[in-house]
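Everything on this sheet refers to the single structure shown next.
The values are calculated or read from the model by the stated rules, or taken from the named source; none is laboratory data. None of the values given here were measured: they were computed from a predicted structure. In this analysis, Cβ positions are derived from the backbone assuming ideal geometry, glycine residues included, and neighbour counts consider all displayed protein chains.
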Amino acid sequence: MYEKLKKLAILLVPKKLLERYEGFFRKLISYKYRGQKYCCNICDFNLKDFAVLSNGNKLCPNCGSLPRTRRLFSIIDSEYSFKNKTVLHFSPSKAMACKLRELKAKEYVTTDFEGEFLADEKIDITQINKKDNSFDLIICYHVLEHIKDDDSAISELYRVLREGGKCFIQTPFKSGEIFENDLIQTPEDRLLHFGQNDHVRIYSVEGLIDRLSKVGFKVDRREFNSVADNHKGLKQNETVLIAQKE
Ligand SMILES: [Zn+2]
């Protein structure tokens, strides 16, 4: 239902108006989902259920957060402090950026290269225009699978992190080996082979850990295989990589 309503809104309401009054439209849609069974930890909205997307993801109709965003915030909230920290966040959703700003980091920089997300800066991840050892924490979620030269991107993430700093990384994963092929170039072929029309590969967890380890990262592989109390609408099977600069 959520996707149908969204399509209808996109069809009927001019884009500028939709962007300007996004909060209002979300409130309108989310009214039907109000309840007490679940709570979105990004916007604190109480729901009887999340909106279930066609890919099975449980989306918060109030702020648009995905299960992976709620999981990441849950990890950050319970294990990390932003106090006196410098944080670089690639391509954040609006809701997550708002939530993380509340944590009052010393510096919280949001960045997006393609202009798809609202961000403070436009940074090319393969040539990050920041000094060495600039950040305590980096969030690089669902970015690397879009980057052709991911070796450079990974080296740059390592370079701009401080010693002991950590980078939260996630991409879609498959089992086996990383799948990439330079001959697959058109959006149609990329959708067919990589699962999305702007992805350039599908990583495996082991393959990505291998690439991260090669530049010097020590990788903590977090596996979340079951969710006993799923009050936040998290995903049952999820891997999060926390790469530390030694
Ligand atoms: Zn929410």
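Counting only residues that are within 13 Å of the ligand (Cβ to nearest atom) and not hydroxyl-bearing (Ser, Thr, Tyr), which one in region 69-78 is surrounded by the fewest Cβ atoms within 10 Å (Cβ to Cβ)? So, considering only residues that are within 13 Å of the ligand (Cβ to nearest atom) and not hydroxyl-bearing (Ser, Thr, Tyr), the one surrounded by the fewest Cβ atoms within 10 Å (Cβ to Cβ) is PHE73. With respect to the stated conditions, ILE209 is under 17 Å from ILE139 (Cα atoms) and touching a strand residue (DSSP E or B) at 6+ places or on another chain (Cβ under 9 Å).
Restricted to region 207-228, and to residues there that are among the acidic types (Asp, Glu) and in a strand (DSSP E or B), the residue that is farthest from THR239 (Cα to Cα) is ASP220. Residues of region 84-95 that are out of contact with any Lys or Arg (no Cβ under 7 Å at 6 or more places or on another chain) and either away from the ligand (no atom under 16 Å from the Cβ) or not assigned by TED's automatic domain parsing to the domain that holds ILE125 (or both): VAL87, LEU88, HIS89, PHE90, SER91. Taken over region 96-109, the residue count meeting the criterion of being surrounded by fewer than 20 Cβ atoms within 10 Å (Cβ to Cβ) and within 16 Å of the ligand (Cβ to nearest atom) is 4. Candidates PHE117, PHE135: the one that is over 23 Å from GLN236 (Cα atoms), among the aromatic types (Phe, Trp, Tyr) and touching a helix residue (DSSP H, G or I) at 6+ places or on another chain (Cβ under 7 Å) is PHE135.
Taking region 70-87, which residues are within 17 Å of ASN237 (Cα to Cα) and either aliphatic (A, V, I, L, M) or touching a residue at least 60 places away in the same chain (Cβ under 8 Å) (or both)?
Matches in region 70-87: ARG70, ARG71, LEU72, SER74, ILE75.
Could you say which residue among ILE125, ILE139 is crowded, with 21+ Cβ neighbours inside 10 Å, in contact with a strand residue (DSSP E or B) (Cβ under 7 Å, 6 or more places away or on another chain) and part of a loop (DSSP other than H, G, I, E, B)? Going through ILE125, ILE139 in turn, just one is crowded, with 21+ Cβ neighbours inside 10 Å, in contact with a strand residue (DSSP E or B) (Cβ under 7 Å, 6 or more places away or on another chain) and part of a loop (DSSP other than H, G, I, E, B): ILE125.
Inspect region 31-38 for any residue being out of contact with any Asp or Glu (no Cβ under 8 Å at 6 or more places or on another chain) and either within 11 Å of the ligand (Cβ to nearest atom) or within 24 Å of VAL240 (Cβ to Cβ) (or both) and give the result as yes or no.
no
Any residue at all in region 154-162 that's more than 28 Å from GLN185 (Cβ to Cβ), at pLDDT below 95 and not in a strand (DSSP E or B)? No, region 154-162 has no match at all.
Selection of region 192-224 for residues being of a type in the set (A, V, I, L, M) and exposed (fewer than 15 other Cβ atoms within 10 Å of the Cβ) yields only LEU192.
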